[in-house]
Amino acid sequence: MQTRLRMVLPDQELLKLYEQMFLSREFEERCAEQYAKGHITGFLHLYSGQEAVAVGATAGLHRDDYILSAYREHAQAIVRGADPRRVMAELFGKATGICKGKGGSMHLFDPSLNFMGGYAIVGGQFPISVGLAFSAKYRGEDRISACFFGDGAVNQGTFHESLNWAQLWQLPVLFICENNFYGIGTEVHRSSALASIHKRTCGYDIPSEKVDGMDVIAVYKAVKYAAEKVRESGRPYFIEATTYRFRGHSMADPAKYRSVAEHEVWKARDPLPNFAKQLLEEGIATQAQLESIEARCRQTVDEAVTFAEESPWPEDSSVYEDIYV
Amino acid sequence: MAEMTYRDALNLALKEEMRRDPSVFVLGEDVALYEGSFKVTRGLLAEFGEERVKDTPISENTIIGVSVGAAMGGLRPVAELMTVNFALLAMDQIVNHMGKIRSMFGGQTFLPMTIRMPGGGGSQLAAQHSQSLETYFMHCPGMHVLYPATPADAKGLLKSAIRDNNPVIFLEHELLYNSKGEVPDDPEFLVPIGRAEVKRPGDQVTIIAYARMTILALQAADELAGEGISCEVVDLRSLAPLDMETFLSSVRATGRVVVVEECWRTCGLGGEIASRIYDACFDVLQAPVKRVSGLDVPMPYSRKIEKICIPQVEDIKGAVRDVVSGRY
């Protein structure tokens, strides 16, 4: 048991996973606070609870691989390397935001990191991820396209069209379903005839597996294996990561459709304290080391908030910019 | 110069641009082995191979989404939607994605892609295959909308569309594919986006038209000349951006305008053009802007009644006579 984590990754990498998860959580909880203060407006979908998926998956991908996601994507962007200050500034609607204040919470994008966007039409990112995979194949580039989406997206036409297409054209797409069991307030059994989502790929002969999305190491191992399969075969692969969001769908949602008991079960599986415990038990980190990581993350988020607060608003003239080349 | 059909001019434009730039590829339903429902992609598979000429599933929304992703990844896709009617299945990717991505991502990417769509009515294809949906796309920022009337413009505009770094909706009229005209041989012949053309000079009435309506307007102008009425025919060519300068300067010279649109009249582009004319040069108008439009009905099949729903040469002539004689 003591060496279990070390069999997977070196200590520094394990600590990095913890730091990324903690930073993601801290960032999201501070977003909630800034939303309550009126500094962040519009829709705000927080990721708290699902950190093991973004962090484990990103660690299992190459830096050149494309990542696309839906509208609950702050963590995916930050874990990939987006500057938390510029992400927070984007949420504040400031000119220094990662998309100059044009996108907001749901539309983060940084092509220098191959982070190819947050998309707010459910299922919109499926065909775009296929197109990016096609461009990589066409240009002979060694990269795959990793497409994140929720359980709600699997009933859109684009899901089926894109799975069919990726397999038909033999394209390197890794589909990663973050199954948090609710599409806003509709539980997965109330929307999907086959609620075991990874089984849906049999119609397209795409290999798939289900992984515990509350376990960062399990996600890492599954994605690393799958990404290598995709890279080797040039064909798609599908992962369903079961997870849970600790907050409502958005800040406007008190999540009354979920029972307290259910919430408690999942809270007990919170990936942060559980991974911290594992790191301590296996002697990979001391309590003091973890606290120092946590303090560093809090400081990063403090700086992000200050940066966002102090940044200028976009100029009115910017509304006509960046529409056409 | 060589005489060729609108179809062959488009085909040549595709071939020339694919020879010129290896990042250009073609995708769509039946475009490769079958060589296109209207044979615009004839010979492409043989010349460029399966890597660059791609048959797709019947998944219109995903055809456009894949094009968006490929464009973001550095390619220059030319997608064919078998007809404009099927674009309605792809409106999510066209409007919510293609038209928004550059702006909502703060200008960090661009989408050099073209979507070709045959459309228009007049072939007795009934309600679901006879639509003129140009204003649907004109309404959305983030994309250009082109609609050529002649073989030369078809070639020059398609080449410009493929080379342009913005998304372009490229409409083709199904009844023009067999029409013939002189087309420059020069592989660098380009028709600029956003530039209308005076296809026939005149001094009494300006007829503003596009695509097949331009051809009908030219015929009407010919016949009206015999009645002593001189019409200037402005072919818009580019519906977005609109070349206001060209049609406004014609209107300032003639003081009378007829706008011919194949689309439905309600919210049709004739209304937009009329409004811009009223804003810019109300003072020079000697008659209200007259619109000749498609009827606001689902297209019927029977050729006898289909004809009533689409502007005809006689309708254009009648409208011109009205604005000239003061019967409006």
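The values are calculated or read from the model by the stated rules, or taken from the named source; none is laboratory data. Quick caveat, the model's predicted, so the values are computed rather than measured. Reconstructed Cβ throughout: ideal geometry from the backbone, glycine too, with neighbour counts over all protein chains shown. We work out accessible area using only protein heavy atoms, side chains counted, and drop any ligands, DNA or RNA first. Shrake-Rupley method; radii C 1.70, N 1.55, O 1.52, S 1.80 Å.
Which residue is farthest from A:S105 (Cα to Cα), if the candidates are limited to segment A:249-267 and must be part of a loop (DSSP other than H, G, I, E, B) and open to solvent by less than 50 Å² (accessible area, probe 1.4 Å)?
Among those that are part of a loop (DSSP other than H, G, I, E, B) and open to solvent by less than 50 Å² (accessible area, probe 1.4 Å), it is A:R258.
Any residue in segment A:206-234 that is touching a residue at least 24 places away in the same chain (Cβ under 8 Å) sitting within a Cβ distance under 9 Å of a residue that is among the β-branched types (V, I, T) and open to solvent by 30 Å² or more (accessible area, probe 1.4 Å)? List the pairs, counting only those 6 or more apart or interchain.
Filtered contacts from segment A:206-234: A:I217/A:V8; A:Y220/A:V8; A:K221/A:V8.
Look through segment B:22-77, keep the residues that are within 12 Å of chain A (Cβ to nearest Cβ), part of a loop (DSSP other than H, G, I, E, B) and among the hydrophobic types (A, V, I, L, M, F, W, C), and return whichever of them is nearest to B:L176 (Cα to Cα).
Among residues in segment B:22-77 that are within 12 Å of chain A (Cβ to nearest Cβ), part of a loop (DSSP other than H, G, I, E, B) and among the hydrophobic types (A, V, I, L, M, F, W, C), the one nearest to B:L176 (Cα to Cα) is B:I58.
In segment B:45-61, which residues are touching a helix residue (DSSP H, G or I) at 6+ places or on another chain (Cβ under 7 Å) and of a type in the set (A, V, I, L, M, F, W, C)?
Correct list: B:F48, B:V53.
Right, A:A285: open to solvent by 60 Å² or more (accessible area, probe 1.4 Å), among the hydrophobic types (A, V, I, L, M, F, W, C) and not in a helix (DSSP H, G or I) or not?
no
Quickly run through segment B:177-205 and pick out the residues that are within 30 Å of B:P288 (Cβ to Cβ), away from every other protein chain (no Cβ under 14 Å) and surrounded by fewer than 24 Cβ atoms within 10 Å (Cβ to Cβ).
The answer is B:R195, B:A196, B:E197, B:V198, B:K199, B:R200, B:P201, B:G202, B:D203, B:Q204.
Looking only at segment A:81-134, which residues are among the hydroxyl-bearing types (S, T, Y) and more than 8 Å from every other protein chain (Cβ to nearest Cβ)?
Within segment A:81-134, A:T96, A:S105, A:S112 meet the criteria.
Right, B:I208: among the β-branched types (V, I, T) and open to solvent by 30 Å² or more (accessible area, probe 1.4 Å) or not?
Considered against the rule, which asks whether it is among the β-branched types (V, I, T) and open to solvent by 30 Å² or more (accessible area, probe 1.4 Å), B:I208 comes out as no.
For segment B:147-172, which positions are within 14 Å of another protein chain (Cβ to nearest Cβ) and touching a His at 6+ places or on another chain (Cβ under 8 Å)?
Selection gives B:A161, B:D164, B:N166, B:P167, B:V168, B:I169.
Pick from A:S311, A:S292: which is open to solvent by less than 70 Å² (accessible area, probe 1.4 Å), without any contact (Cβ under 8 Å) to a residue 24 or more places away in the chain, farther than 30 Å from A:G203 by Cα and among the polar types (S, T, N, Q)?
Selected residue: A:S292, the only one of A:S311, A:S292 that is open to solvent by less than 70 Å² (accessible area, probe 1.4 Å), without any contact (Cβ under 8 Å) to a residue 24 or more places away in the chain, farther than 30 Å from A:G203 by Cα and among the polar types (S, T, N, Q).
For segment A:135-156, which residues satisfy the criterion of being open to solvent by 10 Å² or more (accessible area, probe 1.4 Å) and either at the interface with chain B (Cβ under 10 Å from one of its Cβ atoms) or among the acidic types (D, E) (or both)?
A:K137, A:Y138, A:R139, A:E141, A:D142, A:R143, A:Q156
Do you know which residues across segment B:100-145 are under 19 Å from B:V78 (Cα atoms), open to solvent by 10 Å² or more (accessible area, probe 1.4 Å) and more than 13 Å from the chain's Cα centre (by Cα)?
B:K100, B:R102, B:T109, B:F110
Can you pull out the helices (runs of 4 or more DSSP H) entirely within segment A:1-101 that have at least 2 residues that are open to solvent by less than 30 Å² (accessible area, probe 1.4 Å) and in contact with a Lys or Arg (Cβ under 7 Å, 6 or more places away or on another chain)? Before you say what the answer is, go through the steps one by one.
Details: elements: A:11-36, A:51-59, A:74-80, A:84-92.
Per the criteria, A:51-59.
When you go through (1) facing another protein chain (nearest Cβ under 9 Å); (2) open to solvent by less than 10 Å² (accessible area, probe 1.4 Å) one by one for A:F159, which number turns out not to apply?
Evaluating A:F159 over (1) facing another protein chain (nearest Cβ under 9 Å); (2) open to solvent by less than 10 Å² (accessible area, probe 1.4 Å) leaves (1) as the failure.
When you scan segment A:224-232, do you find a residue that is surrounded by fewer than 22 Cβ atoms within 10 Å (Cβ to Cβ) and part of a loop (DSSP other than H, G, I, E, B), even just one?
No, because not a single residue in segment A:224-232 is surrounded by fewer than 22 Cβ atoms within 10 Å (Cβ to Cβ) and part of a loop (DSSP other than H, G, I, E, B).
List every residue pair whose Cβ atoms sit under 9 Å apart, with the two residues 6 or more apart in sequence or on different chains, where the first one lies in segment B:92-115 and is more than 7 Å from every other protein chain (Cβ to nearest Cβ) and hydroxyl-bearing (S, T, Y) and the second, anywhere, is open to solvent by less than 10 Å² (accessible area, probe 1.4 Å) and part of a helix (DSSP H, G or I).
Between residues of segment B:92-115 that are more than 7 Å from every other protein chain (Cβ to nearest Cβ) and hydroxyl-bearing (S, T, Y) and residues that are open to solvent by less than 10 Å² (accessible area, probe 1.4 Å) and part of a helix (DSSP H, G or I), the close pairs are B:T114/B:S67; B:T114/B:L158; B:T114/B:A161; B:T114/B:I162.
Does B:F247 fit the bill of being buried (at least 18 other Cβ atoms within 10 Å of the Cβ), among the aromatic types (F, W, Y), more than 16 Å from the chain's Cα centre (by Cα) and in a helix (DSSP H, G or I)? It would help to see each step written out before you state the result.
Working: buried (at least 18 other Cβ atoms within 10 Å of the Cβ): yes; among the aromatic types (F, W, Y): yes; more than 16 Å from the chain's Cα centre (by Cα): yes; in a helix (DSSP H, G or I): yes.
Against the criterion (buried (at least 18 other Cβ atoms within 10 Å of the Cβ), among the aromatic types (F, W, Y), more than 16 Å from the chain's Cα centre (by Cα) and in a helix (DSSP H, G or I)), B:F247 qualifies.
Condition check: modelled with pLDDT of 95 or more, over 23 Å from the mean Cα position of the chain (by Cα) and not polar (S, T, N, Q). Does B:R265 satisfy that?
no
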